[in-house]
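Structure first, then comments.
The values are calculated or read from the model by the stated rules, or taken from the named source; none is laboratory data. Here the structure is a predicted model, which is why all the values come from computation and not from measurement. All Cβ positions, even for glycine, are placed from backbone atoms using ideal geometry, and neighbour counts span all protein chains on display. Remember, those area values only see protein heavy atoms, side chains included, never the ligands or the DNA or RNA. Shrake-Rupley method; radii C 1.70, N 1.55, O 1.52, S 1.80 Å.
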Amino acid sequence: MTTSTALLLADLTGVAVFAASGASAAVAKRLDLFGVAFVGFVAALGGGIFRDLVIDEVPPLAFADWRYAATAAITALAVFWLHPQLVRLRTTVLVLDAAGLALFTVTGTLKALDARVPAVGACLIGMLTAIGGGLGRDLLTAEIPVVLRREIYALAALAGSVLVVLLYVTGQTGPAPLTAAAVLVFGLRLIALRRRWSAPVATLRPPRAEGADPRTDREW
(Lines give C-alpha, C1' and ligand atoms only; values in the text may rest on other atoms or scores of the structure.)
Protein backbone atom coordinates (compact mmCIF):
# COMPACT_ATOMS: atom_id res chain seq x y z
CA MET A 1 0.00 0.00 0.00
CA THR A 2 1.42 3.39 -1.01
CA THR A 3 1.62 6.36 1.35
CA SER A 4 -1.00 8.29 -0.66
CA THR A 5 -3.44 5.37 -0.48
CA ALA A 6 -2.88 4.95 3.26
CA LEU A 7 -3.41 8.69 3.75
CA LEU A 8 -6.66 8.57 1.74
CA LEU A 9 -7.96 5.62 3.77
CA ALA A 10 -7.06 7.35 7.04
CA ASP A 11 -8.76 10.54 5.84
CA LEU A 12 -11.95 8.70 4.86
CA THR A 13 -11.93 6.81 8.14
CA GLY A 14 -11.67 10.12 9.98
CA VAL A 15 -14.57 11.46 7.91
CA ALA A 16 -16.68 8.43 8.83
CA VAL A 17 -16.01 8.56 12.57
CA PHE A 18 -16.56 12.32 12.78
CA ALA A 19 -19.77 11.99 10.73
CA ALA A 20 -20.94 9.32 13.18
CA SER A 21 -19.99 11.57 16.08
CA GLY A 22 -21.91 14.53 14.62
CA ALA A 23 -24.91 12.42 13.68
CA SER A 24 -25.03 10.84 17.16
CA ALA A 25 -24.99 14.28 18.76
CA ALA A 26 -27.77 15.42 16.41
CA VAL A 27 -29.88 12.33 17.20
CA ALA A 28 -29.45 13.02 20.91
CA LYS A 29 -30.79 16.55 20.25
CA ARG A 30 -33.75 15.02 18.37
CA LEU A 31 -33.04 16.70 15.03
CA ASP A 32 -34.82 15.50 11.91
CA LEU A 33 -33.27 13.44 9.10
CA PHE A 34 -31.87 16.46 7.25
CA GLY A 35 -30.55 17.95 10.50
CA VAL A 36 -28.74 14.73 11.39
CA ALA A 37 -27.19 14.48 7.92
CA PHE A 38 -26.17 18.15 7.92
CA VAL A 39 -24.55 18.05 11.36
CA GLY A 40 -22.75 14.85 10.39
CA PHE A 41 -21.50 16.49 7.18
CA VAL A 42 -20.21 19.57 8.99
CA ALA A 43 -18.58 17.52 11.76
CA ALA A 44 -16.89 15.26 9.22
CA LEU A 45 -15.70 17.80 6.65
CA GLY A 46 -15.48 21.18 8.38
CA GLY A 47 -11.89 20.71 9.57
CA GLY A 48 -10.74 19.30 6.23
CA ILE A 49 -12.26 22.22 4.31
CA PHE A 50 -10.38 24.64 6.56
CA ARG A 51 -7.14 22.71 6.04
CA ASP A 52 -7.43 22.66 2.26
CA LEU A 53 -8.22 26.37 2.05
CA VAL A 54 -5.23 27.24 4.23
CA ILE A 55 -2.77 25.18 2.18
CA ASP A 56 -4.31 26.54 -1.05
CA GLU A 57 -5.73 23.24 -2.24
CA VAL A 58 -8.79 24.40 -4.14
CA PRO A 59 -11.44 23.24 -4.47
CA PRO A 60 -11.28 21.43 -1.11
CA LEU A 61 -11.36 17.64 -1.27
CA ALA A 62 -14.78 17.69 0.39
CA PHE A 63 -16.13 19.17 -2.85
CA ALA A 64 -13.64 17.85 -5.40
CA ASP A 65 -13.73 14.17 -4.42
CA TRP A 66 -17.22 12.65 -4.18
CA ARG A 67 -15.96 9.95 -1.83
CA TYR A 68 -15.65 12.41 1.05
CA ALA A 69 -19.20 13.76 0.86
CA ALA A 70 -20.60 10.28 0.18
CA THR A 71 -18.80 8.79 3.19
CA ALA A 72 -20.09 11.55 5.47
CA ALA A 73 -23.67 11.32 4.19
CA ILE A 74 -23.90 7.52 4.26
CA THR A 75 -22.43 7.33 7.77
CA ALA A 76 -24.75 10.03 9.12
CA LEU A 77 -27.82 8.37 7.58
CA ALA A 78 -26.75 4.99 8.96
CA VAL A 79 -26.53 6.47 12.45
CA PHE A 80 -29.98 8.03 12.02
CA TRP A 81 -31.58 4.70 11.14
CA LEU A 82 -29.58 2.54 13.54
CA HIS A 83 -29.58 4.83 16.57
CA PRO A 84 -32.00 2.63 18.58
CA GLN A 85 -29.20 0.05 18.66
CA LEU A 86 -26.67 2.64 19.84
CA VAL A 87 -26.90 2.56 23.62
CA ARG A 88 -25.45 5.31 25.79
CA LEU A 89 -25.19 7.85 22.98
CA ARG A 90 -23.04 10.23 25.01
CA THR A 91 -20.32 7.62 25.46
CA THR A 92 -20.54 6.73 21.77
CA VAL A 93 -20.15 10.37 20.76
CA LEU A 94 -17.12 10.85 23.00
CA VAL A 95 -15.30 7.73 21.77
CA LEU A 96 -16.01 8.46 18.10
CA ASP A 97 -14.97 12.07 18.58
CA ALA A 98 -11.66 10.97 20.13
CA ALA A 99 -11.03 8.65 17.18
CA GLY A 100 -11.81 11.39 14.68
CA LEU A 101 -9.61 13.81 16.57
CA ALA A 102 -6.69 11.39 16.34
CA LEU A 103 -7.08 10.57 12.65
CA PHE A 104 -7.58 14.15 11.52
CA THR A 105 -4.64 15.33 13.59
CA VAL A 106 -2.32 12.96 11.72
CA THR A 107 -3.71 13.50 8.22
CA GLY A 108 -4.03 17.27 8.63
CA THR A 109 -0.45 17.65 9.84
CA LEU A 110 0.92 15.40 7.08
CA LYS A 111 -0.93 17.29 4.35
CA ALA A 112 0.38 20.59 5.69
CA LEU A 113 3.94 19.23 5.71
CA ASP A 114 3.55 17.85 2.17
CA ALA A 115 2.41 21.34 1.11
CA ARG A 116 5.75 22.66 2.45
CA VAL A 117 4.21 24.47 5.40
CA PRO A 118 6.89 25.10 8.10
CA ALA A 119 6.86 22.89 11.18
CA VAL A 120 5.09 25.33 13.53
CA GLY A 121 2.42 26.13 10.95
CA ALA A 122 1.92 22.43 10.22
CA CYS A 123 1.32 21.75 13.92
CA LEU A 124 -1.31 24.49 14.09
CA ILE A 125 -3.01 23.35 10.88
CA GLY A 126 -3.07 19.76 12.13
CA MET A 127 -4.65 20.84 15.40
CA LEU A 128 -7.24 23.08 13.72
CA THR A 129 -8.09 20.37 11.20
CA ALA A 130 -8.80 18.01 14.07
CA ILE A 131 -10.92 20.38 16.17
CA GLY A 132 -12.76 22.14 13.33
CA GLY A 133 -15.40 19.46 12.82
CA GLY A 134 -16.15 19.10 16.53
CA LEU A 135 -16.40 22.87 16.84
CA GLY A 136 -19.00 23.02 14.07
CA ARG A 137 -20.92 20.07 15.54
CA ASP A 138 -21.13 21.64 19.00
CA LEU A 139 -22.23 25.03 17.65
CA LEU A 140 -24.98 23.45 15.52
CA THR A 141 -26.27 21.38 18.45
CA ALA A 142 -26.23 24.36 20.86
CA GLU A 143 -23.40 23.03 23.03
CA ILE A 144 -20.43 24.98 24.37
CA PRO A 145 -17.62 23.81 22.05
CA VAL A 146 -15.42 21.20 23.70
CA VAL A 147 -12.32 23.13 22.61
CA LEU A 148 -13.41 26.11 24.76
CA ARG A 149 -13.97 24.05 27.90
CA ARG A 150 -11.43 22.92 30.46
CA GLU A 151 -11.21 19.45 28.89
CA ILE A 152 -7.97 18.25 27.27
CA TYR A 153 -9.05 18.37 23.62
CA ALA A 154 -7.10 20.82 21.48
CA LEU A 155 -4.02 20.14 23.60
CA ALA A 156 -4.24 16.44 22.75
CA ALA A 157 -4.41 17.30 19.04
CA LEU A 158 -1.49 19.70 19.36
CA ALA A 159 0.62 17.04 21.08
CA GLY A 160 -0.16 14.62 18.26
CA SER A 161 0.71 17.22 15.63
CA VAL A 162 4.08 17.87 17.25
CA LEU A 163 4.82 14.14 17.28
CA VAL A 164 3.86 13.82 13.59
CA VAL A 165 6.20 16.69 12.70
CA LEU A 166 9.06 15.08 14.65
CA LEU A 167 8.45 11.76 12.89
CA TYR A 168 8.32 13.51 9.51
CA VAL A 169 11.58 15.35 10.11
CA THR A 170 13.32 12.10 11.06
CA GLY A 171 11.90 10.26 8.06
CA GLN A 172 9.56 8.03 10.08
CA THR A 173 6.43 8.37 7.94
CA GLY A 174 5.43 4.72 7.66
CA PRO A 175 2.09 3.31 8.87
CA ALA A 176 3.43 2.14 12.25
CA PRO A 177 4.86 5.48 13.49
CA LEU A 178 1.85 7.44 12.25
CA THR A 179 -0.51 4.95 13.87
CA ALA A 180 1.42 5.44 17.10
CA ALA A 181 0.84 9.21 16.81
CA ALA A 182 -2.89 8.65 16.30
CA VAL A 183 -3.01 6.27 19.27
CA LEU A 184 -1.30 8.93 21.39
CA VAL A 185 -4.01 11.49 20.62
CA PHE A 186 -6.82 8.96 21.06
CA GLY A 187 -5.42 7.61 24.31
CA LEU A 188 -4.64 11.03 25.75
CA ARG A 189 -8.15 12.24 25.02
CA LEU A 190 -9.83 9.19 26.56
CA ILE A 191 -7.56 9.16 29.62
CA ALA A 192 -8.24 12.87 30.14
CA LEU A 193 -11.98 12.14 30.05
CA ARG A 194 -11.64 9.16 32.36
CA ARG A 195 -9.48 10.93 34.93
CA ARG A 196 -11.18 14.31 34.47
CA TRP A 197 -7.98 16.08 33.50
CA SER A 198 -8.50 19.69 32.56
CA ALA A 199 -6.59 22.82 31.66
CA PRO A 200 -6.48 25.55 34.34
CA VAL A 201 -9.18 28.20 34.38
CA ALA A 202 -9.24 31.66 35.87
CA THR A 203 -10.52 31.86 39.44
CA LEU A 204 -13.13 34.57 39.91
CA ARG A 205 -13.21 36.50 43.17
CA PRO A 206 -16.55 36.37 44.99
CA PRO A 207 -18.42 39.70 45.06
CA ARG A 208 -17.54 41.92 48.01
CA ALA A 209 -20.11 41.91 50.78
CA GLU A 210 -22.07 45.12 51.18
CA GLY A 211 -20.46 47.39 53.72
CA ALA A 212 -17.07 45.64 53.63
CA ASP A 213 -13.98 47.78 54.14
CA PRO A 214 -12.34 48.25 50.69
CA ARG A 215 -8.93 48.65 52.36
CA THR A 216 -9.02 44.98 53.36
CA ASP A 217 -10.31 43.80 49.95
CA ARG A 218 -7.54 44.53 47.50
CA GLU A 219 -7.11 43.31 43.93
CA TRP A 220 -3.91 41.31 43.39
Read through the list (1) among the acidic types (Asp, Glu); (2) touching a Pro at 6+ places or on another chain (Cβ under 8 Å); (3) on the phi > 0 side of the Ramachandran plot, then give the number of the only condition that Asp52 fails. (3)
Is it the case that some residue within the range 91-100 is over 13 Å from the mean Cα position of the chain (by Cα), open to solvent by 10 Å² or more (accessible area, probe 1.4 Å) and over 21 Å from Val117 (Cβ atoms)? yes
Here is a check on your reading of the model: is Gly160 open to solvent by less than 20 Å² (accessible area, probe 1.4 Å), over 17 Å from Gly46 (Cβ atoms) and not hydrophobic (A, V, I, L, M, F, W, C)? yes
If we scan the range 168-179, do we find a residue that is small (Gly, Ala, Ser), part of a helix (DSSP H, G or I) and on the phi < 0 side of the Ramachandran plot? yes
How many residues does the range 183-214 contain that are modelled with pLDDT under 90 and among the hydrophobic types (A, V, I, L, M, F, W, C)? 9
In the range 193-205, how many residues are farther than 16 Å from Gly100 by Cα and surrounded by 11 or more Cβ atoms within 10 Å (Cβ to Cβ)? 3
In the range 108-142, which residue that is open to solvent by less than 10 Å² (accessible area, probe 1.4 Å) and aliphatic (A, V, I, L, M) is modelled with the lowest pLDDT? Ala130
Within the range 5-42, the residues that are touching a helix residue (DSSP H, G or I) at 6+ places or on another chain (Cβ under 8 Å), modelled with pLDDT under 85 and open to solvent by 60 Å² or more (accessible area, probe 1.4 Å) are Thr13
Only listed residue being open to solvent by 20 Å² or more (accessible area, probe 1.4 Å) and under 17 Å from the mean Cα position of the chain (by Cα), chosen from Val169, Val183: Val183
